[in-house]
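A short worksheet on the structure shown next.
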Amino acid sequence: MKVLFVATIFFTVISSFVCKKKFKNIAHHQENSITAANEKINLRLKTYATLAKKFVTNNNFSSSFYCLIDMKIPSGKKRFFIYDHKSDSVINAGLVTHGSGSDTETGFLTFSNVPHSNATSLGKYKIGKAYFGKFGLAFKLYGLNNSNSTAFARAVVLHSHPNVLAYEVIPSPIL
């Protein structure tokens, strides 16, 4: 069976603290907002995992685990999720960067499938051959959608990086 790496944008922007009213206990409200945001993320992950399951079943990929990335979550917060479809749960989560060409002066991410753009491409990916590169173990990625069809030619890869820590650094981004 083939293995599938799913990187997809989630359409709901999550904010850890959104409030138009003034509250006497801001810390308590912020804690509730973070909990609500995390519940929304978990619900979206289950939805996308179900869609991934259908995709991999229809395309004869391994359906045990999926990697889901929510590029709407800031890079300093965990947005890379390994989802176990059998237990219907996230089994690991971590930080993940985006392409250097995705950064803009406005702070909003841009996405591109254009060669030499250095921007992140959205869509589903198949993990290709493993190799040892500049940052150690890495995997070539094959884009499976029109939005990421040039991924292999653009050398889009999955690898570790020394600037990606094991813990969240929000509100700071990963540098």
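For segment 69-175, the strands (runs of 3 or more DSSP E) that sit wholly inside it and include 2 or more residues that are open to solvent by less than 40 Å² (accessible area, probe 1.4 Å) are 80-84, 89-94, 123-133, 136-143. Restricting to segment 95-128, name every residue that is touching a residue at least 24 places away in the same chain (Cβ under 8 Å) and touching an Asp or Glu at 6+ places or on another chain (Cβ under 9 Å). Scanning segment 95-128 gives 95, 109.
Could we say that residue 92 is farther than 22 Å from residue 41 by Cβ and either touching a helix residue (DSSP H, G or I) at 6+ places or on another chain (Cβ under 7 Å) or polar (S, T, N, Q) (or both) here? So residue 92 does not fit the description; no.
The values are calculated or read from the model by the stated rules, or taken from the named source; none is laboratory data. Not measured: the values here are computed from a predicted model. FYI the Cβ positions are ideal-geometry reconstructions off the backbone, even for glycines, and counts take in every protein chain you see. Ligands, DNA and RNA are excluded from the accessible area calculation, which covers all protein heavy atoms including side chains. Shrake-Rupley method; radii C 1.70, N 1.55, O 1.52, S 1.80 Å.
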